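Novice: One structure coming up, written as structure tokens, with questions to follow.
The values are calculated or read from the model by the stated rules, or taken from the named source; none is laboratory data. Being a predicted model, the structure only gives us computed values, none of them experimental. Ideal geometry is used to build each Cβ from the backbone, glycine not excepted, and the neighbour counts take in all protein chains shown.
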Amino acid sequence: MTAKLPIAQIAAHPRWRDQLELLLDCTGEGIYGVDLEGRCIFINRTGAEMLGYLPAELLGRNMHDAMHHSRPDGSHYPVEECPIFNAFRQGQPCRLEDDVLWRADGGSFCAEYSSYPILDQGEITGAVVTFVDISERKHAQELLRRAHDELELRVAERTRELTVAVAERARSHARLRELSAHLQTVREEERTRIAREVHDELGSVLAALKMDVGWLQSRIRDDGLLARKATAMGKLIDSAIVEVGRIITDLRPSILDHQGLWAAIEWHAQEFLQATGLRGKLELNIEPHAPTPRNAPATAAYRIFQEILNNVARHASATAVNMQVSADADALTIKVRDNGRGVSLEQLRRAKSHGVLGMSERARHFGGKLEIGPIRGGGTRVRVWLPLTDHPEPNDDPVVDL
């Protein structure tokens, strides 16, 4: 883009020249013109004041020597490299958004300027230059940059703090999970010990009492009252033996230790259906090459299955329940579905949902996960997945809507 300013015509008409000078003085930008030697032929008052001169002091002076003689670091700026002068020497307009211009007192200021050649009858006769002091803008940009850097620093520090806090929370969570798992193990060991002692001590005492009562019955057949009393005592002992067996089974079902997890699950499902009167069945699909869980994993799977059915009996108000247990070489899957009143995710996530939380923690400890949610149309379904090989990291949200 070039600008045609017929200097000769302006010089020939002083009225136009005066009006043009008035117009230039009204602008907030510095504006000056130079001839082919780089000497100032006009400059508005704003431009002269920015440079620390009166307009008359700059007329005829070489503007590069007056205002552009040094680089920002104070080193000499050769006029041959000056982009302002290239506008009339090479006919190339230029615009620089960040440079330094110098004042009469030796001070400098940041400036943005443009330089365009002046054409008269198709010939370049000089250049017109506009410049603006952008010191305040640069200062504001510097303040903004500092504020941004400070904010970035604070964000980085806060991020580090949060990272440390999250890591510490994760470690604390992991320690709590380890403690929970340890408490579960200790609890099972204690239940096993108590069951064994009840069986060995109390069971043997009841068996001895049963034998003694039988001995008495064989010797007091002629005394009707004593015979009836001995018979009643025998029945009480039989009831006590049955109750002790139930307590022992609740503490630790012997079938789990002697016949394994699959037999224990099948036995418990049958006992549950018989005790509750619910309609239902157990589908047990164990592939031949599936490993049988032992020890702690087997106990965890059995307790989870037991707790699921206990929840159905206590909370579901169901009339039917379907149970599926399957296992392959990689994982054990337990699925239970009832036709009861259902459950909401809000109920599941309540702080007092200890049963759900306990099942979830048992599953997570062995790398598994628990999924539980309502069924469309009514009821609840639960799915438990437990790896039978080296387990991956468990899901962070164990309770989800199915």
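Novice: Applying the selection to region 119-142, what residues are out of contact with any helix residue (DSSP H, G or I) (no Cβ under 8 Å at 6 or more places or on another chain) and among the acidic types (Asp, Glu)?
Specialist: First, pick out the residues of region 119-142 that are out of contact with any helix residue (DSSP H, G or I) (no Cβ under 8 Å at 6 or more places or on another chain): 119, 121-123, 128, 130, 132, 134-142.
Selection gives Glu123, Glu136, Glu142.
Novice: Turning to a different aspect of this structure: Considering only region 161-180, I want to know if a residue exists there that is in contact (Cβ under 8 Å) with a residue 24 or more places away in the chain, in contact with a His (Cβ under 8 Å, 6 or more places away or on another chain) and part of a helix (DSSP H, G or I).
Specialist: The answer is yes; a qualifying residue exists.
Novice: Tell me, please, whether a residue that is in a helix (DSSP H, G or I), assigned by TED's automatic domain parsing to the domain that holds Ala320 and modelled with pLDDT of 85 or more can be found in region 276-288.
Specialist: In the first step, residues of region 276-288 are kept if they are in a helix (DSSP H, G or I); the result is 276.
Next, from what is left, pick out any that are assigned by TED's automatic domain parsing to the domain that holds Ala320: 276.
From what's left, modelled with pLDDT of 85 or more: 276.
Within region 276-288, one or more residues are in a helix (DSSP H, G or I), assigned by TED's automatic domain parsing to the domain that holds Ala320 and modelled with pLDDT of 85 or more.
Novice: For residues that are in a helix (DSSP H, G or I) and out of contact with any helix residue (DSSP H, G or I) (no Cβ under 9 Å at 6 or more places or on another chain), tally how many sit in region 51-65. Walk me through how you get there before you give the answer.
Specialist: Of region 51-65, the ones in a helix (DSSP H, G or I) are 51, 55-58, 63-65.
Then keep just the ones that are out of contact with any helix residue (DSSP H, G or I) (no Cβ under 9 Å at 6 or more places or on another chain); that gives none.
Summing the residues that are in a helix (DSSP H, G or I) and out of contact with any helix residue (DSSP H, G or I) (no Cβ under 9 Å at 6 or more places or on another chain) in region 51-65 gives 0.
Novice: I need the full set of residues from region 103-122 which are surrounded by fewer than 20 Cβ atoms within 10 Å (Cβ to Cβ), closer than 19 Å to Phe42 by Cα and out of contact with any Pro (no Cβ under 8 Å at 6 or more places or on another chain), in order please.
Specialist: Correct list: Arg103, Ala104, Leu119.
Novice: I would also like to ask the following. Pick from region 309-339 the residues that are surrounded by fewer than 20 Cβ atoms within 10 Å (Cβ to Cβ) and assigned to a loop (DSSP other than H, G, I, E, B): which of them is farthest from the chain's Cα centre (by Cα)?
Specialist: Among those residues, the one meeting the criterion is Thr319.
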